[in-house]
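Engineer: So that we are looking at the same thing, I have put the structure below in structure tokens.
The values are calculated or read from the model by the stated rules, or taken from the named source; none is laboratory data. From a predicted model like this one, the values you see are computed outputs, not experimental measurements. No Cβ is skipped: glycine too gets one built from the backbone with ideal geometry, and neighbour counts run over all protein chains shown.
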Amino acid sequence: MKSSPSPLISPVAILGCGDLGLRLARLLDVERYAITGIRRSIPASLLNQRPQNLLINQADICDPGQLLDAIPEEVQVVVVTMTPSERSDEGYRQAYVESLQNLLELWKHRQAPRLLLYVSSTRVYPQDQGQWVDEHSKTGAGGYAARRLLEAESLAASMPCQSVIVRFSGIYGPGRERTLRLVESQLREQGGRTATNSTAYSNRIHADDCARVLAHLIESHRAGCTLDNLYLASDMEPTPTHEVHQWIGRQMQPEGVNTTQPTSDQVTGKRCRNQRLLDSGFRFSYPSYREGYQQVIEQRKAAHQS
């Protein structure tokens, strides 16, 4: 017979326990949370890096039987942070929609958790003329990704427990360095010039702050605070893409970067407002791209020197 956990210990399940899930597990107090991470595969290197309060179960959450076996019966908090196996409509359907459908079916046979956190994306917003967007803004299916994310959000909202949807903007950080590699390539190939001249607003959030948002909501719920059912999570400073690239270029090449000015003054993209998250008491470790990318750049330099 399984023993019941201490009432002081909250069992947490992280479905799709990849980079964000591991960052979250490291933030949760080992004396307050027992965490089960569920992944399709378990690399050997992962077992050596996991925090001591994290048990990792291998399961395909699109398989109802495997999901049933992998999630602890007494789980109180479920965090769903999935990554599609392929960038296609079917890949998104399986990762985001089918996984939630299987969870709904699971709760028909088990007691539901107290809290479900579902990680979504700001790509559900179709606005593209520099508008500010927040939790009240219109969403739209601008392609299969947005359509499947909204479908999954609807399923999350129908769970028989409190569900909170978190829409993250573009996530960056160690291991998520596409922009840095792009700027490096531009500097090398364009004679010290950052080639991007886009006036599109870009929005981002450091991966550490993503994990801190999830931990903040879990801790707030545990403390009895009232949570909204939707949060937009993006840093404090939406910025045109060319400005971000130029700043990164100057950090990478201190001797000088040839500045490229936009060829058009037509503003595109959207600007993400995070006021609801701030009102909940959350504060960013990396409030803008400058603090965040500086951390990533310095970490890369240290790794290259070691």
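Engineer: Yes or no: residue 244 in contact with a His (Cβ under 8 Å, 6 or more places away or on another chain) and crowded, with 20+ Cβ neighbours inside 10 Å?
Structural biologist: Answer is no for this residue.
Engineer: Considering only residues of region 105-130 that are surrounded by 15 or more Cβ atoms within 10 Å (Cβ to Cβ) and among the polar types (S, T, N, Q), which is nearest to residue 81 (Cα to Cα)?
Structural biologist: So, considering only residues that are surrounded by 15 or more Cβ atoms within 10 Å (Cβ to Cβ) and among the polar types (S, T, N, Q), the one nearest to residue 81 (Cα to Cα) is 120.
Engineer: Please state which of the following conditions residue 117 fails to meet, knowing it meets all the rest: (1) closer than 18 Å to residue 72 by Cα; (2) within 17 Å of the chain's Cα centre (by Cα); (3) assigned to a helix (DSSP H, G or I).
Structural biologist: Against the list (1) closer than 18 Å to residue 72 by Cα; (2) within 17 Å of the chain's Cα centre (by Cα); (3) assigned to a helix (DSSP H, G or I), residue 117 comes up short only on (3).
Engineer: Do we have residue 262 as touching a Ser or Thr at 6+ places or on another chain (Cβ under 7 Å), part of a loop (DSSP other than H, G, I, E, B), modelled with pLDDT under 90 and not polar (S, T, N, Q) here?
Structural biologist: Yes, satisfied.
Engineer: Among the listed residues 20, 55, 47, 8, which satisfies the condition of being touching a residue at least 40 places away in the same chain (Cβ under 8 Å) and on the phi < 0 side of the Ramachandran plot?
Structural biologist: Matching residue, one of 20, 55, 47, 8: 20.
Engineer: Within the bounds of region 21-29, is there any residue that is over 26 Å from residue 222 (Cβ atoms) and within 16 Å of the chain's Cα centre (by Cα)?
Structural biologist: No; the residues of region 21-29 include none that is over 26 Å from residue 222 (Cβ atoms) and within 16 Å of the chain's Cα centre (by Cα).
Engineer: Residues that are out of contact with any helix residue (DSSP H, G or I) (no Cβ under 8 Å at 6 or more places or on another chain) and within 30 Å of residue 223 (Cα to Cα): does region 134-142 have at least one?
Structural biologist: Yes, some residue in region 134-142 is out of contact with any helix residue (DSSP H, G or I) (no Cβ under 8 Å at 6 or more places or on another chain) and within 30 Å of residue 223 (Cα to Cα).
Engineer: Scan region 121-141 and tell me whether some residue there is closer than 30 Å to residue 72 by Cβ and in contact (Cβ under 8 Å) with a residue 60 or more places away in the chain.
Structural biologist: Among the residues of region 121-141, not one is closer than 30 Å to residue 72 by Cβ and in contact (Cβ under 8 Å) with a residue 60 or more places away in the chain, which makes the answer no.
Engineer: Something else now. How many residues are within 14 Å of residue 100 (Cα to Cα) and either without any contact (Cβ under 8 Å) to a residue 12 or more places away in the chain or of a type in the set (A, V, I, L, M, F, W, C) (or both) if we restrict to region 152-176?
Structural biologist: Qualifying residue count for the region: 9.
Engineer: Would you mind finding the one in 167, 148, 188, 176 that is among the basic types (Lys, Arg) and in contact with a strand residue (DSSP E or B) (Cβ under 6 Å, 6 or more places away or on another chain)?
Structural biologist: After applying the criteria, what remains is 167.
Engineer: Are there strands (runs of 3 or more DSSP E) fully within region 1-81 with at least 1 residues that are surrounded by 14 or more Cβ atoms within 10 Å (Cβ to Cβ) and aromatic (Phe, Trp, Tyr)? List them.
Structural biologist: So the answer is 33-39.
Engineer: Inside region 124-176, counting only strands (runs of 3 or more DSSP E) that do not spill past its ends, which hold 2 or more residues that are within 18 Å of residue 213 (Cβ to Cβ)?
Structural biologist: The qualifying strands (runs of 3 or more DSSP E) are 162-168, 170-172.
Engineer: Pairs please, first residue from region 284-305 and closer than 21 Å to residue 241 by Cα and basic (Lys, Arg), second anywhere and modelled with pLDDT of 95 or more and part of a loop (DSSP other than H, G, I, E, B), Cβ atoms under 9 Å, 6+ apart in sequence or on different chains.
Structural biologist: Close Cβ pairs (under 9 Å, with a partner that is modelled with pLDDT of 95 or more and part of a loop (DSSP other than H, G, I, E, B)) amount to 290/237.
Engineer: Please verify whether residue 13 is within 21 Å of the chain's Cα centre (by Cα) and of a type in the set (A, V, I, L, M), treating the condition exactly as stated.
Structural biologist: Answer is yes for this residue.
Engineer: Mind listing whichever residues of region 58-96 are free of Cβ contacts under 8 Å to residues at least 24 places away in the same chain and either in contact with a Ser or Thr (Cβ under 8 Å, 6 or more places away or on another chain) or not assigned by TED's automatic domain parsing to the domain that holds residue 116 (or both)?
Structural biologist: Once the filter is applied, which keeps residues that are free of Cβ contacts under 8 Å to residues at least 24 places away in the same chain and either in contact with a Ser or Thr (Cβ under 8 Å, 6 or more places away or on another chain) or not assigned by TED's automatic domain parsing to the domain that holds residue 116 (or both), region 58-96 yields 58, 91.
Engineer: For the condition aliphatic (A, V, I, L, M), at pLDDT 95 or above and part of a strand (DSSP E or B), what is the one hit in 232, 278?
Structural biologist: 232
Engineer: To continue, here is another question. Please work out which one of (1) out of contact with any strand residue (DSSP E or B) (no Cβ under 6 Å at 6 or more places or on another chain); (2) modelled with pLDDT of 90 or more; (3) in the same structural domain as residue 227 (by TED's automatic domain parsing); (4) over 27 Å from residue 10 (Cα atoms) is the condition residue 135 fails and give its number.
Structural biologist: Condition (1) is where residue 135 drops out.
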